[in-house]
Amino acid sequence: MDRIPILKMGPFLLVTIQVDMHDRLALSLQDDLAERIASTEARGVLIDISSLEIVDSFIGRVLANIAAVSRVLDAQTVVVGMQPAVAITLVELGLSLPGVRTALNVERGMELLRAALESETLGSDGDASTAF
Amino acid sequence: MASPDSSILPAVVRDHQREILQQWIAEQSSGSNARSDLLSDAELRQQSSEFLQLFREAVQAGNLGNVMGTEWQGVRELLATVSKANAIRGFTPIDTATFVLSLKRPLFQQLTTDAGSDADLLARETWTVTTVLDSLALFTTEVFQRSREEVISRQQQELMELSTPVVKLWDGILAVPLIGTLDSARTQVVMESLLQRIVDTEAGIAIIDIAGVPTVDTLVAQHLIKTVAAARLMGAECIISGIRPQIAQTIVHLGVELVGAVTKATLADAILYALRQSGWSVSRGRS
Amino acid sequence: MVSVRQAVRAWAVEMKFSLVDQTKLVTAASELARNTLIHGGGGSARLEALEDGGRQGIRLIFEDQGPGIEDVKLALTDGYTTGHGLGLGLSGSRRLVNEFEITTSPGEGTRVAVTKWK
Ligand SMILES: Nc1ncnc2c1ncn2[C@@H]1O[C@H](COP(=O)(O)OP(=O)(O)OP(=O)(O)O)[C@@H](O)[C@H]1O
Ligand SMILES: [Mg+2]
């Protein structure tokens with residue numbers, strides 16, 4: 001079975017979805033990401049969906065799950081590059097993914113992750129919870 | 001080759017194509033039929049001769065009962081092209097139908113000559129020509145109508161896009177000042193073009209100013225809200241400014257909070273907010 | 001399911017639907033095909049090109065011989081699910097098309113027909 005590659009970039013993981021995702025592929029991505037976040041101690045996940053032509057309720061749910069799971073593993077998730085037609089359709093479908101952070105493109109997404117990481121390290125001086 | 005009811009029409013058109021064409025052109029450029037203001041003589045001649053050629057081939061193929069048959073495809077295609085061109089040039093549907101109908105007289109004349117004293121034959125042939133040309137004329141009207149509708153809807157679309165420009169205010173900041181009555185269709189066009197511009201310009205913030213909108217019905221309010229949600233999914237933030245008191249009531253009444261939408265009283269406030277959001281600081285220069 | 005999506009996309013492109021309408025139709029097809037597969041235990045999908053007085057449309061028909069739906073009104077409510085979904089498939093895809101028609105009875109399977117006009 002094919003899998004979607006996950007790239008490591010510093011403290012972040014980068015996933016570019018380029019295929020018409022079938023359900024099993026989406027689920028395996030969700031599992032793989034959880035594994036990789038834990039094993040690499042990644043602090044952020046960036047998912048580029050700019051080539052994705054549709055996001056239906058299933059893929060929407062997978063994205064939301066990834067965001068939720070990574071939050072538990074202390075990593076931020078940013079979904080980037082959603083096309084206008086996809087976004088319009090998703091909203092009409094009734095899915096607005098409130099728990100998922102978004103950015104226009106990979107660059108902006110990276111900025112967002114970096115800023116989040118920075119404010120966290122700055123703001124958490126003396127905070128015991130970050131000192132694993 | 002020969003049609004089942006042994007029509008003489010194929011032979012008549014074949015043997016007298018040139019005369020028929022000349023009479024037909026004369027017919028079309030005479031009196032009330034003339035549209036030389038819209039169509040040059042050369043074009044008219046070209047169109048007519050092409051049509052007659054295709055007409056001759058179709059008639060020769062024998063299926064005179066049904067102009068929607070495959071034998072008539074060439075004729076129909078030419079007529080469709082002519083009708084479409086006419087619709088765009090501002091002809092009336094009558095002009096276009098007349099192009100076909102005016103072929104009746106030359107054909108009748110030729111038939112009368114060739115039928116000689118056979119009145120039965122003449123009556124039958126006249127009937128055949130009448131039905132064929134009438135059906136073709138009807139066909140042009142149909143195509144004309146459809147092309148007209150296409151032209152109109154394209155113009156409407158263009159007008160809508162023109163009437164609501166999405167402007168780039170600053171690096172990364174877009175604004176759409178909405179002015180005039182918003183109906184559902186226009187709102188949808190505006191919103192779609194706003195979202196597309198967000199992608200094109202990589203703008204992280206979009207201001208939708210509705211100060212110039214007299215009323216907002218629930219459908220329009222819903223479009224606004226959906227746009228804000230869609231922009232957020234794409235990674236851009238929307239600011240809605242210029243919300244009048246009644247419109248605020250409509251939105252609240254709808255029971256939907258403007259999730260993710262920042263609202264500002266005026267466009268100026270919105271711009272200030274957007275600049276600060278994108279890391280600019282704004283201060284009055286010393287004089 | 002992926003092949004249903006691709007076929008619907010190809011038709012919608014061929015018939016010159018706008019990108020947004022293409023996306024809406026493909027998404028609706030994806031939802032309904034998944035329901036047929038998961039809740040209906042598998043079934044068939046059919047595409048039809050429609051022409052009505054110059055108006056062009058696409059109709060999609062999904063049919064299965066599965067358990068059927070007891071309470072259609074309930075199934076069409078946002079958020080209602082008997083599985084682990086979000087319960088947005090039926091109600092959401094209804095919003096993505098112009099016409100939505102569902103015929104079902106318990107034990108006899110389900111047929112959903114949707115139409116999108118250009
Ligand atoms: N083809 C079908 N056969 C039997 N039951 C169905 C069928 N389609 C839908 N249902 C029933 O209707 C309910 C609602 O369907 P809907 O597609 O809205 O939600 P879902 O499939 O449960 O979740 P989601 O589609 O959001 O992932 C389903 O949970 C199921 O009980
Ligand atoms: Mg479903």
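The set of residues in the range A:87-105 being within 7 Å of chain C (Cβ to nearest Cβ) and open to solvent by less than 20 Å² (accessible area, probe 1.4 Å) consists of A:89, A:93, A:95. Report yes if residue C:87 is open to solvent by 50 Å² or more (accessible area, probe 1.4 Å), modelled with pLDDT under 95 and not in a helix (DSSP H, G or I), otherwise no. Judged against the criteria, residue C:87 is not a match.
Scanning the range C:10-32 for residues being more than 14 Å from residue A:92 (Cα to Cα) and polar (S, T, N, Q) gives a total of 2. Identify all residues within the range C:67-100 that are away from chain A (no Cβ under 14 Å) and under 26 Å from residue B:223 (Cβ atoms); write none if there are none. C:99, the sole residue that qualifies.
For (1) of a type in the set (Gly, Ala, Ser); (2) more than 11 Å from chain B (Cβ to nearest Cβ), each residue gets a yes or a no:
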| position | (1), (2) |
| --- | --- |
| A:36 | no, yes |
| A:40 | no, yes |
| A:45 | no, yes |
| A:51 | yes, yes |
| A:58 | no, yes |
| A:76 | no, yes |
| A:79 | no, no |
| A:109 | yes, no |
| A:114 | no, yes |
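With the structure loaded, tell me whether residue C:104 is within 21 Å of residue C:25 (Cα to Cα) and of a type in the set (S, T, N, Q) or whether it fails that test. For residue C:104, the condition - within 21 Å of residue C:25 (Cα to Cα) and of a type in the set (S, T, N, Q) - is not met.
The residue that is nearest to residue C:105 (Cα to Cα), counting only those in the range C:27-45 that are open to solvent by less than 20 Å² (accessible area, probe 1.4 Å) and touching an Asp or Glu at 6+ places or on another chain (Cβ under 7 Å), is C:40. The set of residues in the range C:73-86 being near ligand 1 (Cβ under 9 Å from one of its atoms) and more than 19 Å from residue C:42 (Cα to Cα) consists of C:74, C:76, C:77, C:78, C:79, C:80, C:86.
Name the single residue that is nearest to the chain's Cα centre (by Cα) among those in the range B:218-236 being more than 10 Å from every other protein chain (Cβ to nearest Cβ) and open to solvent by less than 20 Å² (accessible area, probe 1.4 Å). In this case the residue turns out to be B:220. Scanning the range C:67-87 for residues that are more than 13 Å from ligand 2 (Cβ to nearest atom) and within 15 Å of residue C:40 (Cβ to Cβ) gives C:67, C:68, C:70, C:72.
Please work out if residue C:54 is under 14 Å from residue C:118 (Cα atoms), open to solvent by 10 Å² or more (accessible area, probe 1.4 Å), without any contact (Cβ under 8 Å) to a residue 24 or more places away in the chain and more than 8 Å from ligand 1 (Cβ to nearest atom). For residue C:54, the condition - under 14 Å from residue C:118 (Cα atoms), open to solvent by 10 Å² or more (accessible area, probe 1.4 Å), without any contact (Cβ under 8 Å) to a residue 24 or more places away in the chain and more than 8 Å from ligand 1 (Cβ to nearest atom) - is met. Of all residues in the range A:65-76 being open to solvent by 10 Å² or more (accessible area, probe 1.4 Å) and either touching a Ser or Thr at 6+ places or on another chain (Cβ under 9 Å) or of a type in the set (Gly, Ala, Ser) (or both), which is nearest to residue B:204 (Cα to Cα)? Out of the qualifying residues, it is A:76.
Residues in the range C:25-42 that are touching a strand residue (DSSP E or B) at 6+ places or on another chain (Cβ under 7 Å), within 13 Å of another protein chain (Cβ to nearest Cβ) and within 12 Å of ligand 1 (Cβ to nearest atom): 3 in all. Is it fair to say residue B:31 is touching a helix residue (DSSP H, G or I) at 6+ places or on another chain (Cβ under 6 Å) and either modelled with pLDDT of 90 or more or more than 30 Å from residue B:6 (Cα to Cα) (or both)? Taking the combined requirement at face value, the residue does not satisfy it. Let me spell it out: the conditions are (1) within 16 Å of ligand 2 (Cβ to nearest atom); (2) within 14 Å of chain A (Cβ to nearest Cβ); (3) open to solvent by less than 80 Å² (accessible area, probe 1.4 Å), and residue C:64 meets all of them except one. Which number is the exception? With respect to (1) within 16 Å of ligand 2 (Cβ to nearest atom); (2) within 14 Å of chain A (Cβ to nearest Cβ); (3) open to solvent by less than 80 Å² (accessible area, probe 1.4 Å), residue C:64 is out only on (2). A Cβ distance below 8 Å, combined with a sequence gap of six or more or placement on separate chains, defines the contacts here; from the range C:87-98, residues that are at positive phi reach residues that are of a type in the set (Phe, Trp, Tyr) in the pairs C:87/C:80.
For the range A:28-35, the criterion of a residue being of a type in the set (A, V, I, L, M, F, W, C), at pLDDT 95 or above and crowded, with 23+ Cβ neighbours inside 10 Å is satisfied by at least one position. Of the helices (runs of 4 or more DSSP H) that lie entirely inside the range B:91-209, those containing 1 or more residues that are under 30 Å from residue B:59 (Cα atoms) and open to solvent by 50 Å² or more (accessible area, probe 1.4 Å) span B:93-101, B:104-115, B:119-163. Looking only at residues in the range B:237-260 that are closer than 15 Å to residue B:176 by Cβ and open to solvent by 20 Å² or more (accessible area, probe 1.4 Å), the one that is modelled with the highest pLDDT is B:237. Just give me the residues in the range A:95-113 being free of Cβ contacts under 8 Å to residues at least 40 places away in the same chain and not hydrophobic (A, V, I, L, M, F, W, C), in sequence order. The answer is A:96, A:98, A:99, A:101, A:102, A:107, A:108, A:111. Among (1) more than 21 Å from residue A:54 (Cα to Cα); (2) more than 9 Å from ligand 1 (Cβ to nearest atom), where does residue C:45 come up short? For residue C:45, the failing item is (1).
Of the residues making up the range A:51-64, just one is open to solvent by 60 Å² or more (accessible area, probe 1.4 Å) and either within 15 Å of ligand 2 (Cβ to nearest atom) or under 14 Å from the mean Cα position of the chain (by Cα) (or both), namely A:61.
For the range C:1-21, filtered to residues that are open to solvent by less than 20 Å² (accessible area, probe 1.4 Å) and part of a helix (DSSP H, G or I), the residue that is nearest to the other protein chains (Cβ to nearest Cβ) is C:20.
The set of residues in the range C:90-108 that are at pLDDT below 95 and of a type in the set (Gly, Ala, Ser) comprises C:105, C:107.
The values are calculated or read from the model by the stated rules, or taken from the named source; none is laboratory data. This is a predicted model, so every value here is computed, not measured. Using ideal geometry, Cβ is built from the backbone for each residue, glycine included, and neighbour counts are taken over all protein chains shown. Each accessible area value is taken on the protein alone, full model and side chains, heavy atoms only, with ligands, DNA and RNA left out. Shrake-Rupley method; radii C 1.70, N 1.55, O 1.52, S 1.80 Å.
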